[in-house]
1. Any idea which of 197, 227, 273, 286 is touching a residue at least 24 places away in the same chain (Cβ under 8 Å), crowded, with 16+ Cβ neighbours inside 10 Å and within 26 Å of the chain's Cα centre (by Cα)?
2. So which of 40, 6 ends up being crowded, with 18+ Cβ neighbours inside 10 Å, assigned to a loop (DSSP other than H, G, I, E, B), within 16 Å of ligand 1 (Cβ to nearest atom) and not assigned by TED's automatic domain parsing to the domain that holds residue 210?
3. Go through the residues of the range 164-180 one by one and say whether even a single one is in contact (Cβ under 8 Å) with a residue 12 or more places away in the chain, within 15 Å of ligand 2 (Cβ to nearest atom), touching a strand residue (DSSP E or B) at 6+ places or on another chain (Cβ under 9 Å) and in a helix (DSSP H, G or I).
4. How do the pairs read when you match residues in the range 131-147 that are free of Cβ contacts under 8 Å to residues at least 24 places away in the same chain and on the phi > 0 side of the Ramachandran plot with residues anywhere that are away from ligand 1 (no atom under 16 Å from the Cβ) and assigned to a helix (DSSP H, G or I), using Cβ under 8 Å and keeping only pairs 6 or more apart or on different chains?
5. Scan the range 207-224 for residues that are in a helix (DSSP H, G or I) and in contact (Cβ under 8 Å) with a residue 12 or more places away in the chain and report the count.
6. Based on this model, can you work out whether residue 140 counts as surrounded by 22 or more Cβ atoms within 10 Å (Cβ to Cβ), assigned by TED's automatic domain parsing to the domain that holds residue 80 and either more than 21 Å from the chain's Cα centre (by Cα) or within 16 Å of ligand 1 (Cβ to nearest atom) (or both)?
7. Which pairs do you get when a residue that is assigned by TED's automatic domain parsing to the domain that holds residue 288 and without any contact (Cβ under 8 Å) to a residue 24 or more places away in the chain, found in the range 329-341, comes within reach of a residue that is assigned to a strand (DSSP E or B) and buried (at least 21 other Cβ atoms within 10 Å of the Cβ), reach meaning Cβ atoms under 9 angstrom, with the pair 6+ apart or on two chains?
8. Output yes when any residue across the range 19-37 is part of a loop (DSSP other than H, G, I, E, B), within 18 Å of the chain's Cα centre (by Cα) and modelled with pLDDT of 95 or more, and no when none is.
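The values are calculated or read from the model by the stated rules, or taken from the named source; none is laboratory data. What you are looking at is a predicted structure, and each value in this text was computed from that prediction instead of being measured. Neighbour counts are summed over all protein chains in view; Cβ atoms, including those assigned to glycine, are modelled from backbone coordinates with ideal geometry.
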Ligand SMILES: Nc1ncnc2c1ncn2[C@@H]1O[C@H](COP(=O)(O)OP(=O)(O)OP(=O)(O)O)[C@@H](O)[C@H]1O
Ligand SMILES: [Mg+2]
């Protein structure tokens with residue numbers, strides 16, 4: 001069912017990501033570590049979960065783990081892996097192998113992630129390979145007290161010594177994930193190790209149109225092509241918003257209401273994310289609002305802030321814009337900034 005708000009779990013439920021699945025397969029054949037990158041609601045988790053539904057592996061949702069306690073520890077990660085006992089049993093019985101996984105019954109405090117990785121590599125030895133996936137891996141920088149360095153050391157160890165393990169990291173704050181991995185820095189544990197990268201882009205207009213058309217057909221609902229075109233014109237190509245529109249339209253088949261409700265839902269979600277951002281610096285939201293309103297160049301954004309009484313020092317504005325790029329809120333092209341997701345831009349304009 002295309003119009004289902006949860007991340008998809010099966011490949012046949014996923015629309016038009018053949019190229020990404022192929023790239024993922026290729027990357028896993030080539031690199032011990034693969035990144036799946038893309039802005040929020042574009043479909044990263046869906047691709048990952050559908051892949052893991054067909055291939056042996058385990059998934060850790062770092063955003064959720066971090067949200068539970070505000071930090072990440074070795075015990076958190078090991079407990080999370082232990083909670084997947086049922087899944088691991090399913091995998092081993094599906095492939096008719098029996099393995100005695102010691103970490104499953106050990107006290108997390110007394111166990112080490114390196115030992116866990118080694119044991120999972122053993123499953124990989126039996127099955128060809130085993131995937132450990134970390135969804136929203138930029139949160140791993142909150143692991144331990146050294147910005148996640150211990151985990152990078154572990155990843156580097158796995159990269160070099162555990163040939164039957166594959167690591168997949170997804171990230172919606174793309175620059176932050178790159179900063180965390182820090183592969184080009186010779187002081188980083190992962191220095192110099194090539195990684196595969198799959199970038200999940202929003203759909204183009206045509207695919208968005210087909211996506212909605214397919215979704216409505218599947219749900220047995222009538223809607224005119226004009227209305228679908230209009231919806232795509234307003235929502236653009238982030239699948240998460242297209243699905244929301246589809247679900248809302250199916251409720252009472254009223255186009256205007258469905259669009260309004262979609263933006264209301266979007267506003268709720270985006271405002272929540274903006275609040276989170278505001279806690280880091282209230283200036284972020286001001287800058288984003290300026291960009292959404294069309295103040296798209298550096299000097300225009302500076303002037304927008306000045307008119308509003310904020311004489312921001314220029315290096316500070318530079319840093320904040322760089323951070324917004326790293327968090328994938330904005331895109332810079334030819335010294336012009338724009339909001340990465342048009343629905344977010346609409347929400348910012350109407351805030
Ligand atoms: N290719 C697709 N086909 C069908 N549905 C999709 C597709 N991509 C995304 N979706 C739907 O869009 C929504 C967002 O997808 P998903 O959660 O996988 O994205 P995400 O990139 O992981 O988002 P987030 O950054 O918020 O975690 C879900 O409702 C999902 O079902
Ligand atoms: Mg996700």
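1. Just one listed residue meets the conditions, 286.
2. 40
3. yes
4. Pairs that qualify, where the first residue is free of Cβ contacts under 8 Å to residues at least 24 places away in the same chain and on the phi > 0 side of the Ramachandran plot and the partner is away from ligand 1 (no atom under 16 Å from the Cβ) and assigned to a helix (DSSP H, G or I): there are none.
5. Number of matching residues: 11.
6. When the stated conditions are applied, residue 140 passes them.
7. Close Cβ pairs (under 9 Å, with a partner that is assigned to a strand (DSSP E or B) and buried (at least 21 other Cβ atoms within 10 Å of the Cβ)) amount to 331/337; 331/339.
8. no
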